[in-house]
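Trainee: So that we are looking at the same thing, I have put the structure below in structure tokens.
The values are calculated or read from the model by the stated rules, or taken from the named source; none is laboratory data. All values derive from a computational prediction rather than experimental measurement. Note that we place each Cβ from the backbone using ideal geometry, even for glycine, and neighbour counts take in every protein chain shown.
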Amino acid sequence: MIEREGKSTYASAVDLAGGTSLDDDPLGSALWLPLYDTVTRQDSTYRRTVKAFGAEARWLAQQCARLIGPDSAAVLQWLRRAPLDNGFAAEEVDADGRARANGGDAALSGLLAWSVWYAVNALGERP
């Protein structure tokens, strides 16, 4: 945890010299922390950290992780309109959800389907 603007947030990386990175790692996102019971979705530090990432996630794995966090309803709405790669997951997407790179990813399609199921059925989110 680090202090930013007088409030605590989680750092995505810390080096041995004390340098920190606040950028979210798309493949090891801090957005997944509640799934691993590390923090609750309502934890104020977690919510501040997630809000700092913003909604501009270009990696579909980050959008899947956002389904676990406090912005899940917005992500569900975004997914309803996102064309992806002809309906299949793409590793990198634009702001509208169109594939930019590595489309037709079967494993990511499975993660996307599970994440939506979890957000709706386990967390009770509604688009």
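Trainee: Cβ-Cβ below 7 Å, separation at least six or inter-chain, first residue in segment 50-69 and over 14 Å from LEU27 (Cβ atoms), second surrounded by fewer than 16 Cβ atoms within 10 Å (Cβ to Cβ) and of a type in the set (Lys, Arg): which pairs?
Mentor: Correct list of pairs: GLY69/ARG41.
Trainee: Among the residues of segment 75-85, what is the count of those that are out of contact with any strand residue (DSSP E or B) (no Cβ under 9 Å at 6 or more places or on another chain) and surrounded by 14 or more Cβ atoms within 10 Å (Cβ to Cβ)?
Mentor: Here the count works out to 4.
Trainee: Right, LEU76: within 13 Å of the chain's Cα centre (by Cα), touching a residue at least 40 places away in the same chain (Cβ under 8 Å) and farther than 22 Å from ASP37 by Cβ or not? Full working, then the answer.
Mentor: Numbers: within 13 Å of the chain's Cα centre (by Cα): yes; touching a residue at least 40 places away in the same chain (Cβ under 8 Å): yes; farther than 22 Å from ASP37 by Cβ: yes.
It is true that LEU76 is within 13 Å of the chain's Cα centre (by Cα), touching a residue at least 40 places away in the same chain (Cβ under 8 Å) and farther than 22 Å from ASP37 by Cβ.
Trainee: Can I ask one more? Within the set of pairs 6+ apart or on separate chains, which have a first residue in segment 81-96 that is in contact (Cβ under 8 Å) with a residue 60 or more places away in the chain, a second that is surrounded by 11 or more Cβ atoms within 10 Å (Cβ to Cβ), and C-beta atoms under 8 Å apart?
Mentor: As it stands, the answer is none, since no pair meets every condition given.
Trainee: Oh, and also: If we keep just the residues of segment 1-51 that are among the basic types (Lys, Arg) and touching a Gly at 6+ places or on another chain (Cβ under 9 Å), which is nearest to CYS64 (Cα to Cα)?
Mentor: Only one residue tops the list, namely ARG41.
Trainee: Now a separate question. Restricting the first residue to segment 13-42 and requiring it to be closer than 17 Å to GLU3 by Cβ and among the polar types (S, T, N, Q), which pairs with a second residue that is in a loop (DSSP other than H, G, I, E, B) and at pLDDT below 90 meet a Cβ separation below 7 Å and a spacing of at least six or different chains?
Mentor: Close Cβ pairs satisfying both conditions: THR20/ALA11; SER21/ALA11; SER21/SER12.
Trainee: Restricting to segment 63-90, name every residue that is over 17 Å from GLU125 (Cβ atoms) and either in contact with a Phe, Trp or Tyr (Cβ under 7 Å, 6 or more places away or on another chain) or among the small types (Gly, Ala, Ser) (or both).
Mentor: GLY87, ALA89, ALA90
Trainee: OK, next. Which one of these is part of a loop (DSSP other than H, G, I, E, B) and closer than 23 Å to LEU112 by Cα: LEU27, LEU16?
Mentor: Going through LEU27, LEU16 in turn, the sole match is LEU27.
Trainee: Continuing with the same structure: Given the structure, is LEU123 in contact (Cβ under 8 Å) with a residue 60 or more places away in the chain and either under 19 Å from TYR46 (Cα atoms) or of a type outside the set (Phe, Trp, Tyr) (or both)?
Mentor: Considered against the rule, which asks whether it is in contact (Cβ under 8 Å) with a residue 60 or more places away in the chain and either under 19 Å from TYR46 (Cα atoms) or of a type outside the set (Phe, Trp, Tyr) (or both), LEU123 comes out as yes.
Trainee: I want to confirm something. Restricting to segment 25-52 and keeping residues that are buried (at least 21 other Cβ atoms within 10 Å of the Cβ) and closer than 22 Å to ALA82 by Cβ, which single residue is nearest to the chain's Cα centre (by Cα)?
Mentor: Among those residues, the one meeting the criterion is LEU31.
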